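The values are calculated or read from the model by the stated rules, or taken from the named source; none is laboratory data. Computed from a prediction, not measured in an experiment: that's the story for all the values here. Ideal geometry is used to build each Cβ from the backbone, glycine not excepted, and the neighbour counts take in all protein chains shown. Please note that ligands, DNA and RNA were not included when accessible areas were found on the heavy atoms of the full protein model with its side chains. Shrake-Rupley method; radii C 1.70, N 1.55, O 1.52, S 1.80 Å.
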Amino acid sequence: MRPPKVPYSLPPTDLFKIFETDPVRGLSFEEAQRRLAQFGPNEIETAPPLSPFKLFLSQFANLLIVILLIAAGVSFFVGDALEAVVILLIVLACAVLGFVQEWKADQALQALKRMAAPEAVVWREGRPKKIPAREVVPGDILLLAAGDKVAADARLFESINLKVDEAALTGESVAVTKEAEVILPEDTPLPERKNMVFAGTTVLNGRGRALVVATGKATEFGKIAGLIKGVEAERTPLERRLAVIGRWLGGLSLVLAAVAAGVGVLRGYPWLEMFIWGVSLAVAAVPESLPAVVTGALAIGVSRMARRNAIVKRLPAVETLGSTTVICTDKTGTLTKNEMTVRKIWAGGSFFEVTGTGFVPQGEFLREGRLIDPQKTEALRLTLLAGLLCNDVEIEEGKFIGDPTEVALLVAALKARLTKSGFVRVAEIPFDSSRKRMSVLVKDQAGDYWVFTKGSVESVLSACSRYLTPEGERPLTSTLKEEILKVTEQMAEEALRVLAFAYRRMSSPVPPEEMEKDLVLVGLQGMIDPPRPEAKAAIKECFEAGIRVIMITGDHAKTALAIAYELGLVPEKDVEYVITAKELDRLSDEELLARLKKTAIFARVSPEHKLRIVKLLKKEKEIVAMTGDGVNDAPALKMADIGVAMGVTGTEVAKEAADIILADDNFATIVAAVEEGRTIFDNIKKYLLFLLSFNLSEILVLIAGFLAGLPLPLTAIHILWINLVTNGPPALALGVDPPAPDLMKRPPRPPEEGVFTKRLVMLLFSFAVLLFLILFPLYAYALKLGFLLREAQTILFSGFVILAIAVAYVSRSERIPIWKISPFANKWLNLCALGMVISQLLIVYVPFLNYYLQTAPIPYYWWFLLTLCALIYILPAELLRKLIY
């Protein structure tokens, strides 16, 4: 099989033969797999995947590491082989740690890309099948509908009002009307190929079916892929800011290290030793891993979001999430279950409550709060039976297939243990918009015939002459009709959609034109799309977090207000909280801005209204998250700071425009994503507080030692080891720290506020000075007591490691004291602390490690003193935190 070069100039029948595709059944799954292996995945060629070997080598692409390795090499050849080998091993361990961190981050991001990948609907083995777009093969039949992203180049063989946006490919802004039946000349230019659809374009209107003729690199879009090949992934704003800060801190550290090394040479230390020492200090002090740590924290965070059904498409969105001030959300399916449920029934002059929600046939019937058997109340039983039999819903593999309203009626009947068995449908009059009702004629086991009718209350009432009461059938007077209409209004005030039900019992069948005459009204059923149980708690959480929630719906104002009140979105059922589409069109921007502060609901709105609402909210400096699922929602999703597309009901166009996709279409998932966004930003700040305060204290202690004329406080190997055990494991552990208890009780972070706030910088420097005031006197005191230099250095070395654990725990929150955070919540930090203590004990007391790592055994009571120092650090650190915050 060789795909033709000009499929637009051939009739579809010829193309089906060329591609060996059955136009009725499509490809078989087996043949599709064979072609996938032959032609490759349907994706544009991208940069090759990250090579583990190259990633490992990149860990050494730091100038300071290169200088250190060269210096270690020189040291090896001039005779100090031991120190050179140990330095090499420590640098290698740091490289492995960095490699593992970056590799995991990259794998997490690749997994997220696969989760957010577009999908296509193909016709295989005689039925529609949704598959990842990358699995589409030449010869597949594409099913196209409004909102779809075209997965591959394909020749149309059926089109109904099909319009496609080809701006992404041709630059033409006007939608192209497609015509499947035309056959075009071979020299037809790309923008005029009306019988073709192309990969990367968007279906705006209508539907169609098309035979795939090219995939991947062979598509028109794939041919221009070279223009974007090799473009580097954009770094997030936070990564860019931290890279600048890292370079600034790096420059400062280099200068200080060079000055300290120079002072050491002047004081008589060997120049090579001081050179290695100075470079080691610079390596330890320079936070060159900051951007990588941020990427890792973002990757871990978005993986957690994915597990909570929020698929992040763009990393910068994670930063914005923490600043979200307004969430504009759809009602149906997001705040509600999108499963109509019968809640209230009026029959025989009485109201009945129905428990249970959604399409689960489990629930009870209550009258005035007391349980009743629905089969023992004739009017109620017949009302439910009418809803069951005047119904076209099918049940396939445990799933309801049909109109949601009819599903609700079926589920209500199933709750009453009613079934269709024993009844045979003889005739029917389908629903139509002019009559606004549907009727069926059924025969029961006794041989009697029944007409059951359902429809709008006014329509059914007009076909009724009698009304069923507990005492039997009574004439339906005009007074009774008015009372029934009042009951209908009463139910509608509760946001219930009300349908009326009637019957007629006969001994013999009647023709269709006689079916809807002389009916007996039996009851009303009121149904609603119930709120998601978790949505109410999520809205409350938003309010506590300082986030406004605005419902934007196409539904009626009364329905929206009732749902909003039930969810706690508004304190009372007051229309002052609602703006309708008519009001939106009438109000000027200034008038609308004045009302926006109190408005919680926009009802009967269109996607165009959504765009206007987003613009005005952004004009008020709000950070807006907006949900959407349709083609026309795309502009509002792009305009919002965070575009949120529905994963279940959303079109491919909406998903393409969004920053985040909700796999479950659930409002609570948006709130969970906001919480994760705040957690990620919080954890990055924790790591920075820990790393920079600790690194700064290290520099202060070492330089103070020189200035005080004391012997070298730490050797190069000590410095590099501290860098290995403090910069690696604690960073990973703090990166997965659980959310702080007050995280969703704080107001949103201002978007212009960087990671280094004034308070954080003050806290950082305060912690560093505090560490210096504990560790430097400790070293001086050890020397004064007459300990040998190697022993005093080991005491200081161990002090740094033990206090690093205290700093890590204190850094777990920027605001909350350590005793208010569970020490068992972060098992990785606990394991990390245990590992640091055990490794340090081995370094101090194992003889061959003493030799290689330049340490000496110290008296056991020093561990008590070092632990006491760690505890002493915590109390003033918390006092400083309280003073600064």
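The residues packed around R35, meaning those with a beta-carbon under 11 Å from its beta-carbon, carry a net charge of -4 if Lys and Arg are +1 and Asp and Glu are -1. Taking amide H positions as modeled 1.01 Å from N, with prolines and chain starts lacking one, the residues under 5 Å from G26 and 5 or more places away or on another chain are G126. Which one, M491, V761, V624, projects farthest toward the positive side of the charge dipole computed for the chain from Cβ point charges (K/R +1, D/E -1)? Of the options given, the answer is V761. A full extension of the chain between L57 and E493 corresponds to an added length of 150.1 nm, given 0.36 nm per residue minus the alpha carbon distance. Heavy-atom accessible area, probed at 1.4 angstrom with all protein chains present, ranks R812, R25, R466 as R25, R466, R812, highest first. For the chain, the relative contact order is 12 percent, taking Cα pairs closer than 8 Å that sit 6 or more residues apart in sequence and dividing their mean separation by the residue count. When only the Cβ of Lys, Arg, Asp and Glu is charged (+1, +1, -1, -1), the dipole of region 121-208 relative to its Cα centre reaches about 480 debye.
Note on region 345-428: with charges restricted to the Cβ of Lys and Arg (+1) and Asp and Glu (-1), its dipole about the Cα centre is near 360 debye. Secondary-structure-derived ellipticity at 222 nm for the chain, considering helices only, amounts to -15500 deg cm²/dmol, per-run term -39500 (n - 2.57) for DSSP H runs with n ≥ 4. Compared with the dominant Cα axis of the chain, that is its longest principal axis, helix 533-544 is turned about 50°.
Packing, as the average of other Cβ atoms within 10 Å across residues, places the peptides 345-357, 585-597 in the order 345-357, 585-597, highest first.
Averaged per residue, the chain has 44 square angstrom of accessible surface, using a 1.4 angstrom probe with ligands and nucleic acids left out. Coupling constants for region 157-170 follow from the phi torsions by the Karplus curve (6.51 cos²θ - 1.76 cosθ + 1.60, θ = phi - 60°), and in residue order they are 10, 8, 8, 10, 6, 7, 10, 10, 8, 10, 4, 4, 9, 9 Hz; glycine and proline get x. Do any of K130/K399; K5/K178; K558/K582; K454/K573 go past 23 Å between their Cα atoms, and which? Table pairs above 23 Å Cα-Cα are K454/K573.
The residues neighbouring A154, those whose beta-carbon lies less than 10 Å from its own, together hold a net charge of 0 under the Lys/Arg +1, Asp/Glu -1 convention. Ranking H718, H609, H556 from most to least accessible surface, computed with a 1.4 Å probe over the protein chains only, gives H556, H609, H718. Along the axis of the charge dipole computed for the chain (Cβ charges of +1 for Lys and Arg, -1 for Asp and Glu, origin at the Cα centre), the listed residues Y861, F16, V263 are led at the positive end by Y861. Expressed as a whole percent, the accessible area of region 674-802 that falls on carbon and sulfur atoms is 69 (1.4 Å probe).
Only alpha carbons enter this Debye calculation for region 425-481, each as an equal point scatterer, and the log10 of I(q)/I(0) it gives at q = 0.13, 0.15 Å⁻¹ is -0.42, -0.56.
Of K882, K536, K5, the residue with the largest accessible area leads and the full order is K5, K882, K536 (1.4 Å probe). Between the Cα long axis of helix 827-845 and the first principal axis of the chain there is an angle of about 20°, rounded to the nearest 10.
Under Stokes-Einstein, with the Kirkwood radius over Cα pairs standing in for Rh, what whole-number D in µm²/s applies to region 567-699 at 37 °C and 0.692 mPa s? Taking Rh from Cα pairs, D becomes 192 µm²/s. How much of the calculated P(r) for region 718-801 lies past 21 Å, in percent of all Cα pairs? I get 54 percent for the Cα pairs in region 718-801 exceeding 21 Å. Ellipsoid semi-axes for region 522-638, based on the Cα gyration tensor and the rule √(5λ), read 24, 18, 15 Å when sorted largest first. Of the peptides 9-20, 392-403, the ranking by mean beta-carbon count within 10 Å, highest at the top, reads 9-20, 392-403.
Rounded to the nearest 20 debye, the dipole size of the chain about its Cα centre is 1540 debye, using +1 on the Cβ of Lys and Arg and -1 on the Cβ of Asp and Glu.
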